Amino acid sequence: MISQKILGIEKANVGEIDELVSRIADEIGRRMLERTSQGRNLVLGLATGSTPIPLYAELVRRHREKGLSFQNVVTFNLDEYEGLSPEHPKSYHSFMQEHLFNQVDIQPKNTFLPLGTYEKPFDEARSYEEKIKAHGGIDLQILGIGRDGHIGFNEPGSSNRTRTRRVILANETREDAAPAFGGIQNVPTHAMTMGVGTILEARRIILMAWGAGKREIVAEAMSGDVSADVPATFLQDRLNTAWYLDGAAAGD
Ligand code: PGA
């Protein structure tokens, strides 16, 4: 494990995925215990996609083998595809059930995701923001990064003032999702996502990126001009953000 100052902007944690994920799980576990001892909930912001899968696997392992309890954890996911019901196998609701919620002792009433089958997107978006507020805001937000620099489904053009809303998915994002959907024609064109502004309000942010395919966008996110062209650049301004990169994503 090398912890190094790369690109002169932020300290990034660079190492093997297993080791990095274990450190992130340590932090999450520590915060969970701290809140339990205070009789309070910990509010986690969660992500989907391939990036967080090893982290969720590690949390599940710690639940099974070390008794890490999620009884006092409340979760808010970043996004959901438009038109997919919670039961749809490709929905992010299903993803979360499979990779985390079904395998730990989290209370179902404490798990929140935007609904993809909204009739009134504005109402769904506002109600999601209100729920986050009612739970005291997000303590720790887990993020991946898209090849186009998106965080959540905040595609290029999303300002740091955006809130939860209905968005159009970028072509690159739909192409990346195509294999899972059996072709790009099956990938939803829209989604409901937390906004960049919503994400930036989290008290602590952990962004993970694995693999050479993320190298270029990680460099841009960490050292490029802060701009809505690459929404992840807004994280540069947030000192509470930790970047966790495997060697391939960190590059030189
Ligand atoms: P991935 O997606 O984890 O599947 O690479 C990341 C993202 O789009 O945020």
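Scanning segment 59-80 for residues being among the small types (Gly, Ala, Ser) and either part of a helix (DSSP H, G or I) or on the phi > 0 side of the Ramachandran plot (or both) gives a total of 1.
Being within 18 Å of Phe112 (Cα to Cα) and either within 13 Å of the ligand (Cβ to nearest atom) or in a loop (DSSP other than H, G, I, E, B) (or both) is a condition met by no residue of segment 168-180. The set of residues in segment 81-125 that are farther than 21 Å from Thr164 by Cα, open to solvent by less than 20 Å² (accessible area, probe 1.4 Å) and in a helix (DSSP H, G or I) contains only Phe101. If you go through segment 151-160 one residue at a time, do you hit one that is within 16 Å of the ligand (Cβ to nearest atom), surrounded by 14 or more Cβ atoms within 10 Å (Cβ to Cβ) and among the aromatic types (Phe, Trp, Tyr)? Checked segment 151-160: at least one residue is within 16 Å of the ligand (Cβ to nearest atom), surrounded by 14 or more Cβ atoms within 10 Å (Cβ to Cβ) and among the aromatic types (Phe, Trp, Tyr).
Pairs linking a residue in segment 22-50 that is outside any strand (DSSP E or B) and within 16 Å of the ligand (Cβ to nearest atom) to a residue that is open to solvent by less than 30 Å² (accessible area, probe 1.4 Å) and among the β-branched types (Val, Ile, Thr), with Cβ atoms under 6 Å and 6 or more positions apart or on different chains, are Ile24/Ile206; Ala47/Ile142.
Within segment 56-76, does at least one residue satisfy the condition of being within 19 Å of Lys131 (Cβ to Cβ) and either within 16 Å of the ligand (Cβ to nearest atom) or of a type in the set (Lys, Arg) (or both)?
First pass over segment 56-76, keeping only residues within 19 Å of Lys131 (Cβ to Cβ): 70, 72-76.
Now drop any that are not either within 16 Å of the ligand (Cβ to nearest atom) or of a type in the set (Lys, Arg) (or both), which leaves 76.
Yes: one or more hits.
The single condition among (1) surrounded by 19 or more Cβ atoms within 10 Å (Cβ to Cβ); (2) farther than 17 Å from Ile206 by Cβ that Leu78 does not satisfy is (2). Remark: pairs (first residue in segment 215-234, farther than 11 Å from His150 by Cβ; second residue of a type in the set (A, V, I, L, M) and surrounded by fewer than 20 Cβ atoms within 10 Å (Cβ to Cβ); Cβ separation under 6 Å; 6+ apart in sequence or on different chains) = Met222/Leu7; Met222/Ile9; Ser223/Leu7; Ser223/Ile9; Thr233/Val226.
The values are calculated or read from the model by the stated rules, or taken from the named source; none is laboratory data. None of these values were measured; they are calculated from a predicted model. All Cβ positions, glycine included, derive from the backbone under ideal geometry; neighbour counts span all protein chains shown. To get the accessible areas, we keep the full protein, side chains included, count just its heavy atoms, and leave off ligands, DNA and RNA. Shrake-Rupley method; radii C 1.70, N 1.55, O 1.52, S 1.80 Å.
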